[in-house]
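Report on one structure; see the data block that follows.
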Amino acid sequence: MSANSPAAVVVLAAGGGTRMKSNSLPKVLHEVCGRSLVGHAVAAAEELTPDQLVVVIGHMREKVADHLAAHHPGARAVVQEEQNGTGHAVRTALEALAADGVELDGTVIVTTGDAPLLTGGTLGALAAAHTEQGNGVTVLTAVVPDPFGYGRILRDEADGAVAAIVEEKDASDAQRAIDEINSGVFAFDAKLLADALAEVTTDNSQGEEYLTDTLEILRRAGHRVGAVVADDYRDILGINDRVQLAHARRLLNDRLLERAMRAGVTVVDPATTWFDVQVSYEPDAVVLPNTQLQGSTHLGEGCEVGPNSTIKDTRIGAGARVSNTTADRAEIGDHAAAGPYAYLRPGARLARKAKVGTYVEVKNSELGEGAKVPHLSYIGDATIGEGSNVGAASVTVNYDGVNKHRTVIGAHCRTGSDNMFIAPVTVGDGAYTAAGSVIASDVPPGALGVGRAQQRNIAGWVQRKRAGTTSAQAAQAATERDERSATEA
């Protein structure tokens, strides 16, 4: 923990978010670019390495608590049993810490769980200014193009301190013209915050304890109320409905793409390309249009992904080519190729220079270096050795209705088209299998496996059994031609 770290960050995430119109998901668990709203708030807070990180939860608390435990185990969830206002939420957090013997000394940052564009850098600037200016409380503000609906910041002309925050409904015409607004994010002195919260009342139209009341309480007590203006007003945008959710997703995606491009990634069409926040990359990667990179996907140096691809939690090696492909928890090695129209399911692993081609599905299988499955095949629960080629329309028959079984195809094998490999089965190194075979027994190294029925032709069957059809007419005409040719010869 840094000597400049806040004593605590409190994230307010207890609200119901009724305007999201969701019966199954609390507002703070809706996702933007691969991370929940509350996850973005916690991630920004974690950049400050606070001594204590508390998330106040309430609505659908079990779901939110489980989510935090799974994704942000360093954050402590504190339940606000009844949502009695922002001041009550913060007081609930401080009381929970005190009950565990935690005595806060220093700066307490209070932020919201529904502002996914707020960065750790902006929070850090707020904390630094709060300390440097010696404020009792410091408000994060923003200058916005349209301040309608927000609380306006009134400043003291003498020293620029915050004199008051006036809500839209209470503002005069002159005050409504002010374009600096309150973000709902604050830095407090811990001791002063606790004392001020003790004085907050519910004497208002909503009957709630408002955190903003502490500003007037501290100002009356002679403490300076300062303000820090966010460099980018969009940092403070909160999410109240799905329209705002989509807008925030677009804004954050633009930031992520710009960061990638400035790091050396070519994004051919940013308008149709989507990155999650965990995506990583190396220079000279190329992302073609209509491509979605999700989860912890990594792009190796000089690889090319897209167009029309959805790649999730997948590692793509240097120089690899992935076209029109869906991949989920797969690994694509250096200079390997997938697609077009390939489906790589969890556990698919392509070694260096391996190839999975058109309309091929791979699940829980490894392809060795230079191995190829070029066309129209399903490879499930299989190991394919280096340099082997699997013929078109082949299937590893891995499931017997109860258990999965594995197919092993050795190195430098050549399997024919339309092969069925009935697992468990092994094709030895250097072996071949004949087209149209059902391979139900092991094929020794260097052998040719043939597993197909002997063909027999029944002459005249069509003319007898399908008389009057165009097939019968064509067959009869061919027969007559053959008879004439034989006579003339």
Some residue of the stretch 137-145 being in a loop (DSSP other than H, G, I, E, B), under 16 Å from Val225 (Cβ atoms) and open to solvent by 80 Å² or more (accessible area, probe 1.4 Å): no
Unmet criterion (only one of (1) more than 27 Å from Arg414 (Cα to Cα); (2) assigned to a loop (DSSP other than H, G, I, E, B)) for Arg352: (1)
Test result for Leu53, crowded, with 19+ Cβ neighbours inside 10 Å and in a strand (DSSP E or B): yes
Candidate set from the stretch 230-259 (those that are crowded, with 16+ Cβ neighbours inside 10 Å and of a type in the set (Val, Ile, Thr)); member that is nearest to Leu126 (Cα to Cα): Ile236
Yes/no for Val32 being within 24 Å of Asn240 (Cα to Cα), among the β-branched types (Val, Ile, Thr), touching a Phe, Trp or Tyr at 6+ places or on another chain (Cβ under 7 Å) and at pLDDT 95 or above: no
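Can you tell me which residue within the stretch 282-293, out of those that are open to solvent by 50 Å² or more (accessible area, probe 1.4 Å) and in contact with a Ser or Thr (Cβ under 9 Å, 6 or more places away or on another chain), is nearest to Thr326 (Cα to Cα)? Can you show your working first?
Our first condition is that a residue be open to solvent by 50 Å² or more (accessible area, probe 1.4 Å); within the stretch 282-293, this holds for 282-284, 290, 292.
Keeping just the survivors that are in contact with a Ser or Thr (Cβ under 9 Å, 6 or more places away or on another chain) gives 284, 290, 292.
Working: Asp284: 22, Asn290: 12, Gln292: 10 Å.
Here the answer is Gln292.
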Verdict on Ala70 being modelled with pLDDT of 95 or more, open to solvent by 30 Å² or more (accessible area, probe 1.4 Å), under 27 Å from Ala246 (Cα atoms) and aliphatic (A, V, I, L, M): yes
Given (1) modelled with pLDDT under 95; (2) closer than 28 Å to Leu97 by Cβ; (3) open to solvent by 30 Å² or more (accessible area, probe 1.4 Å); (4) touching a Gly at 6+ places or on another chain (Cβ under 8 Å), number of the condition Val200 does not satisfy: (3)
Meets criteria (open to solvent by 50 Å² or more (accessible area, probe 1.4 Å), closer than 24 Å to Lys312 by Cα and either without any contact (Cβ under 8 Å) to a residue 60 or more places away in the chain or not in a loop (DSSP other than H, G, I, E, B) (or both)) for Glu386: no
Qualifying residue in the stretch 156-166 (condition: modelled with pLDDT of 90 or more, buried (at least 17 other Cβ atoms within 10 Å of the Cβ) and over 18 Å from Gly226 (Cβ atoms)): no
Residue that is least open to solvent (accessible area, probe 1.4 Å) [pool: residues in the stretch 203-229 that are closer than 20 Å to Ala142 by Cα and assigned to a loop (DSSP other than H, G, I, E, B)]: Leu211
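Okay, residues lined up against (1) in a helix (DSSP H, G or I); (2) modelled with pLDDT under 95; (3) charged (D, E, K, R); (4) surrounded by 14 or more Cβ atoms within 10 Å (Cβ to Cβ):
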residue: Val78; (1), (2), (3), (4): no, no, no, yes
residue: Asn84; (1), (2), (3), (4): no, yes, no, yes
residue: Val90; (1), (2), (3), (4): yes, no, no, yes
residue: Ala93; (1), (2), (3), (4): yes, no, no, yes
residue: Val110; (1), (2), (3), (4): no, no, no, yes
Condition broken by Arg19, with the remaining ones in (1) open to solvent by less than 70 Å² (accessible area, probe 1.4 Å); (2) among the basic types (Lys, Arg); (3) over 27 Å from Gly295 (Cα atoms) satisfied: (1)
Residues of the stretch 427-456 classified as within 42 Å of the chain's Cα centre (by Cα) and either at pLDDT below 95 or open to solvent by 60 Å² or more (accessible area, probe 1.4 Å) (or both), total: 3
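The values are calculated or read from the model by the stated rules, or taken from the named source; none is laboratory data. Here the structure is a predicted model, which means the values were calculated and not measured. Because the Cβ atoms are built from the backbone with ideal geometry, glycine has one as well, and the counts that use them run over all protein chains shown. Note: accessible area is taken over every heavy atom of the protein model, side chains too, but ligands, DNA and RNA are not part of it. Shrake-Rupley method; radii C 1.70, N 1.55, O 1.52, S 1.80 Å.
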